[in-house]
């Protein structure tokens, strides 16, 4: 999922994006200090790696103003580290069983479901959407593959100023498919189908609606039966409200600062835990998850656990290198695909790493897998006031932590470096 205002897309153009939030409670108190668990003893190689990763995380939390951080790292069948750092609520330590929003991770599940239906010959990647959505623009040219790899040319409703104003006025409201379509197509397509690349939540919203029609069941049920349960996920739950199953990892944000007209000189930091995130995913795919399920997802998607070899490569191979360009009608969501960021079918390729890295409403998460070495890295974070600039912008710190751990564990095949986040004020 992309971030509110065009922040999501800006962060995503560098790393990826997503978003979501919760009840608005303004805090002007001094920044709380995260409580950090001590590093484990390190008598052997595995515990030495865990201790090194914990030390890296402490530095990242201090340097990036993180309130909490959950991490799970695996190598093959070995858990290198699984820990929680910092606080969920003031005085309440974060724990590894806490739930958080997984945003665009759901796109990887939808990409997997699409490939399963392709394997069954229920659909083809080059099928146009005219069969299911004949009234949409360019329906006889836009294909299922174009929706899944963001090359349809459809505008992103999330970047429409009127949508942004309506969301910021009430982040707890629900967003129907029809309502989001109306926002999306107030503007024309941004390029002819298949000729460019531009991240648009509109694409996966439509794709999810079509897959539900093909599967003959609501999307949340299809995903659970065909993807989540077979992958072994036990803590991932869909909801059309802002609810988060307990125990919840609480999130805070300053991203509505500009929309609410809060001066840069005034402290602004509100709880965003229960903002409704159904705006950013297909109906039935707004989910919360756990760090354990995020780690399981990284391995299952990164190895193609549910797919044939042909389907796995169709979903994850870096086929879009060099596709796309900046243009006035879709900046910053459109840019040239490159080694550091290259989109597959619901997944991101960054070098040899296969990942998703949502940033949404005070939450950020990354699940990543390096097939060549069997390394999985999953990180989820929440933020302190110091993470936000005077306009409410903030970076995907989970992605930064993933890349640091990846460089340490796989020095021969590290995640590519990405441009640093620069505060605007």
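Values quoted throughout were computed directly from the atomic coordinates according to the rules given, and no laboratory measurement underlies them. These numbers come from a predicted model, not from an experiment. Every residue, glycine among them, receives a Cβ derived from its backbone with ideal geometry; neighbour counts consider all protein chains shown.
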* Asked: How do 201, 313, 121 line up, fewest other C-beta atoms within 10 Å first?
  -> 121, 313, 201
* Förster-model FRET efficiency, 25 Å R0, residue 89 and residue 65, C-beta, rounded to 0.05 -> 0.90
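Which length gain, in nm to one decimal place, applies between residue 121 and residue 174 when the Cα-Cα distance is subtracted from 0.36 nm times their residue separation?
Numbers: separation 53, 0.36 × 53 = 19.08 nm, distance 3.41 nm.
Between residue 121 and residue 174, full extension yields 15.7 nm more.
In percent, what relative contact order does the stretch 139-186 have, based on Cα pairs under 8 Å that are 6 or more apart in sequence? Mind showing how you got there, number by number?
Working: 20 pairs, mean separation 20.1, N = 48.
So the answer I get is 42 percent.
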* Taking neighbour Cβ counts within 10 Å as the exposure measure, how do 423, 141 sort from fewest upward? -> 423, 141
* To do: Would you mind classifying the stretch 94-205 by shape? Square roots of the alpha carbon gyration tensor eigenvalues, ordered a ≥ b ≥ c; an a/c under 1.5 is rounded, otherwise it is prolate if a/b is larger than b/c and oblate if not.
  => oblate
* To do: List the pair-distance distribution P(r) of the stretch 320-425, using every Cα-Cα distance, as the percent of pairs falling in each 10 Å bin from 0 up to the bin containing the longest distance, rounded to whole percents.
  => 14, 41, 35, 10, 0
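Please compute the length gained on full extension between residue 309 and residue 56, using 0.36 nm multiplied by the number of residues separating them and subtracting their Cα-Cα distance. Walk me through the numbers on the way to the answer.
Working: separation 253, 0.36 × 253 = 91.08 nm, distance 3.59 nm.
In short, 87.5 nm is gained.
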* Segment residue 241-residue 264, extension gain: residue separation times 0.36 nm, minus the distance between their alpha carbons -> 5.1 nm
* Asked: Fewest first, what order do 191, 204 take by the number of other Cβ atoms within 10 Å?
  -> 191, 204
* Asked: Which semi-axes, in whole Å and largest first, does the equivalent ellipsoid of the stretch 7-409 have when worked out from the alpha carbon gyration tensor as the square roots of 5 times its eigenvalues?
  -> 32, 26, 18
* Asked: How far apart, in nm, are two points set 7 Å out from the Cα along the Cα-to-Cβ line at residue 221 and at residue 328?
  -> 4.9 nm
